[in-house]
1. For residue 102, enumerate residues with amide H under 5 Å from its amide H, sequence gap 5+ or separate chain, H modeled in the peptide plane.
2. Please give the FRET efficiency for residue 12 paired with residue 137, using the beta carbon to beta carbon distance and R0 = 25 Å, rounded to the nearest 0.05.
3. Calculate log10 I(q)/I(0) of the chain for q = 0.14 Å⁻¹, where I(q) comes from the Debye formula with a single equal point scatterer on each Cα and nothing for solvent.
4. Using only helices, what value at 222 nm comes out for the chain when you add -39,500 (n - 2.57) per DSSP H run of length 4 or more and divide by the total residues, to the nearest 500 deg cm²/dmol?
5. Around residue 106, with a cut-off of 9 angstrom between Cβ atoms, what is the net charge of the other residues, counting Lys and Arg +1 and Asp and Glu -1?
6. Test of understanding: in a Gaussian network model of the chain with alpha carbons linked when under 10 Å, which of 87, 116, 57 would top the mean-square fluctuation ranking?
7. Report the net charge of residues surrounding residue 78, where surrounding means a beta-carbon distance below 10 angstrom and charges are Lys +1, Arg +1, Asp -1, Glu -1.
8. Report the charge-dipole magnitude of the chain in Debye, nearest 20, computed about the Cα centre from +1 at each Lys and Arg Cβ and -1 at each Asp and Glu Cβ.
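The values are calculated or read from the model by the stated rules, or taken from the named source; none is laboratory data. Predicted, not measured: the structure shown is a model, and the values here were computed from it. Neighbour counts are summed over all protein chains in view; Cβ atoms, including those assigned to glycine, are modelled from backbone coordinates with ideal geometry. Remember, those area values only see protein heavy atoms, side chains included, never the ligands or the DNA or RNA. Shrake-Rupley method; radii C 1.70, N 1.55, O 1.52, S 1.80 Å.
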Amino acid sequence: MIVETSHPIVDAVLDQHRDALGTQLPAYRNHVLRSLNYQGLLLGEQVSDAAALAWAIHDLGVWTAETWDYLEPSADLADVHAAEFGITDIAAVRRMVLDHHRLRRNDNRVVETFRIADRIDATRGRLYRPLARADIDTVVGQLPYLGFHTYLARRALTYAVAHPLRPLPMVRW
């Protein structure tokens, strides 16, 4: 198995948001690339440029908009970056971003594999099916977590204390 440890679209977008990401840039970059690899495995092929852009921006609103209610601000970045990479199906990029925390399945294969790939990484590979455990270990071996989940847990706790009636605004039915 060959692990993609870089992607030109991911690298270009994250470089443009380097200041907003600050010290979390390496951790977020690895999350993006791990998830991109998982989606490629689920699809059985390399992800499209549209999916690569969606991966780069899918959680970026946490930092660029400084909010835990980040799906819309993240999806809005598709409008900002798509033209740079010749991506014309902005609606598809937005759909991947907006639906990546959906609890229900999505009928669109690319959106669904995006959702599953993010779930795999968000759970640190604990919910790894339908992938093989060995594939998760291989990807994480080359793209370590670097404290990404600890950072998210702190952000989540801070937000939940301040908004106890809506602690996870990014989760969609």
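1. So residue 102 has HN proximity to 172.
2. 0.30
3. Scattering profile of the chain, log10 relative to I(0): -0.69.
4. My calculation for the chain gives -18000 deg cm²/dmol from helical runs alone.
5. Around residue 106, the surrounding residues sum to +3.
6. Largest GNM mean-square fluctuation: 87.
7. -1
8. Computed about the Cα centre, the dipole is about 900 debye.
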